[in-house]
Amino acid sequence: MKVQWQVNGNSQSLDHVLVGLADGLSATMSTLHVNSVFPEEKQVSDHDPKHLRIQLVE
């Protein structure tokens, strides 16, 4: 599920992570949709938290 917003007519994708890794290492990120799936009056934040897993050793 990809969540995007419209701001002044422009499509926006929020909350990015950039990770540079050496060969053989890996990183994964998942979005925990705990805010964006609720009506605005029930949201705790306008951002959904991220879970980032980085493998630092082979």
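Observations
- Residue check for Asp15: out of contact with any Gly (no Cβ under 6 Å at 6 or more places or on another chain) and either at pLDDT 75 or above or of a type in the set (S, T, N, Q) (or both): no
- The residues of the range 35-46 that are exposed (fewer than 13 other Cβ atoms within 10 Å of the Cβ) and in a loop (DSSP other than H, G, I, E, B), listed by number, are Val37, Phe38, Pro39, Val44, Ser45, Asp46.
The values are calculated or read from the model by the stated rules, or taken from the named source; none is laboratory data. All figures in this text were calculated on a predicted structure; none of them were measured in a lab. FYI the Cβ positions are ideal-geometry reconstructions off the backbone, even for glycines, and counts take in every protein chain you see.
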